[in-house]
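Read the figures in this text as sums done on the coordinates, not as results from a lab. Keep in mind that what you see is a predicted model, and the values were worked out from it rather than measured. Counting neighbours? That spans all protein chains shown, and the Cβs are built from the backbone with ideal geometry, glycine included.
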Amino acid sequence: MALVNNMPDTAVEGTENQFNSLLAAAAGTTHIRLRYASPAEITRGPAIAARMAERYWQLEELYAEPPDALIVTGTEPRAASLSDEPYWPRLVELIDFARSRLSASVWSCLAAHAAVLHLDGIGRDRLSEKRCGVYDHTVLAGHPLTAGLSSPLSTPQSRWNDLPVADLEAAGYEILSRSPETGADTFAKSGKNLMLFFQGHPEYEERTLLKEYRRDVGRFICGQQDRYPKLPAGYFGPEARALLIDFEQKLIAGKLKEPLAAFPFSAVAALLVNTWSESATRFYANWLAYVVACKQNSTAAAPRAL
């Protein structure tokens with residue numbers, strides 16, 4: 001199995017850990033060997049470039065030795081249009097490879113937006129503000145990928161863009177989980193293979209949204225964004241919210257000499273509760289079961305390894 005890790009440098013290692021932990025929990029007795037890759041067109045700093053040179057495969061190597069399945073992450077958007085991103089041609093190449101050569105693939109966040117744009121011409125809509133937090137969703141009953149899941153399904157969200165539900169359904173995508181606040185959380189398209197799409201982030205660890213919130217606060221402090229970030233919805237309890245609101249008020253009032261050092265990360269992190277990991281594990285367990293079944297059907301004597 002391969003993970004194409006497109007995340008920014010600060011999240012590269014964390015993303016590796018998130019998917020390793022999630023897949024290990026979902027796999028049970030099935031052994032998974034995870035290969036990493038990343039498009040060369042995504043600019044990297046020296047440390048991450050050295051890490052990738054040592055541990056990551058080139059995409060051409062994945063094409064030459066196709067994995068049993070593929071997971072492709074998103075990254076922070078830079079251009080107004082996805083087709084203007086410097087890595088767009090490589091994403092198109094990767095989408096076509098997955099569609100023609102693999103039995104199953106997962107597309108996360110921006111990668112999901114890129115895939116449906118290339119496959120069906122469905123463009124994303126820019127949101128008026130960042131959709132960030134943990135939201136409850138209604139689950140589509142009776143689908144193999146939602147077996148063992150029930151509503152409400154909690155999933156972290158962290159994005160500036162959204163895909164129109166009506167356009168997805170008109171193009172034949174099945175909406176597996178949705179909510180009025182987030183639209184299509186998870187959706188799938190089946191044909192010669194199975195393509196699974198997440199606008200949310202079930203792979204996130206307990207502290208991931210807190211880290212992103214602290215990053216956005218830092219961008220406000222440094223003048224990189226003009227508005228103080230809103231607290232992620234449905235993520236912080238009353239005590240954590242009180243700590244963060246107190247920090248914001250002191251910051252705006254100019255009472256903090258070293259604002260980033262004063263951010264109450266540890267105190268807030270100790271109060272967090274992960275409400276989504278169990279359902280995320282079940283979702284990926286169902287997906288892995290499909291991958292294993294496909295491999296067993298193609299080579300009846302093959303061992304249970306991905």
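Before moving on, here are some points about what is shown:
- Subset tally (residues that are surrounded by fewer than 20 Cβ atoms within 10 Å (Cβ to Cβ), of a type in the set (Asp, Glu) and touching a helix residue (DSSP H, G or I) at 6+ places or on another chain (Cβ under 7 Å)) for region 196-224: 1
- Test for Leu176: is it over 30 Å from Val292 (Cβ atoms) and surrounded by 15 or more Cβ atoms within 10 Å (Cβ to Cβ): no
- Residues of region 10-52 classified as surrounded by fewer than 19 Cβ atoms within 10 Å (Cβ to Cβ), in a helix (DSSP H, G or I) and in contact with an Asp or Glu (Cβ under 8 Å, 6 or more places away or on another chain), total: 5
- Region 163-195: number of residues that are under 17 Å from Arg124 (Cα atoms), assigned to a strand (DSSP E or B) and touching a helix residue (DSSP H, G or I) at 6+ places or on another chain (Cβ under 9 Å): 7
- Unique residue being hydroxyl-bearing (Ser, Thr, Tyr) and without any contact (Cβ under 8 Å) to a residue 24 or more places away in the chain when the list is Ser266, Ser279: Ser266
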